[in-house]
Amino acid sequence: MSNVKALPLVEPEGPDAVAPCCPPLSERPFTAEEAERTARMFKALGDPVRLRLFSAVASHEGGEACVCDISDVGVSQPTVSHHLKKLKEAGLLTSERRGTWVYYRVEPSVVAAMGQLLAVR
């Protein structure tokens, strides 16, 4: 007899909640909405500065990074803010203001879904 228990899936909650992007490519064809959402995520990561910022947040100790710690990517501060905004709009990052600084965190459910998307069965 096994003590293994299936846990229910937790749905994202709140106005800033991010839903996973899409099913694996090998599961079924995308709907138009899924294709649009997925393309937006990959497009956001297609820019070298955004990819560097995303990587800086993802690899930062504790899984989150203050904008003050990741802004040295060779562009001005307003440009950094623009790129971080695009990553947030694509659902790849979440943020939280603490005093004067904004802290960014990679949205794990979306990144996991993107990984599953590319997994071929």
For labels at THR31 and GLU61 in the simple 7 Å Cα→Cβ model, what's the distance in nm?
-> 4.4 nm
Expressed as a percent, the accessible surface of the range 21-121 that is carbon or sulfur, using a 1.4 Å probe and the full set of protein chains, is 55 percent
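The values are calculated or read from the model by the stated rules, or taken from the named source; none is laboratory data. Everything numeric here is computed off the predicted structure, so don't read it as measured data. Neighbour counts run over all protein chains shown; Cβ positions are idealised from the backbone, glycine included. We work out accessible area using only protein heavy atoms, side chains counted, and drop any ligands, DNA or RNA first. Shrake-Rupley method; radii C 1.70, N 1.55, O 1.52, S 1.80 Å.
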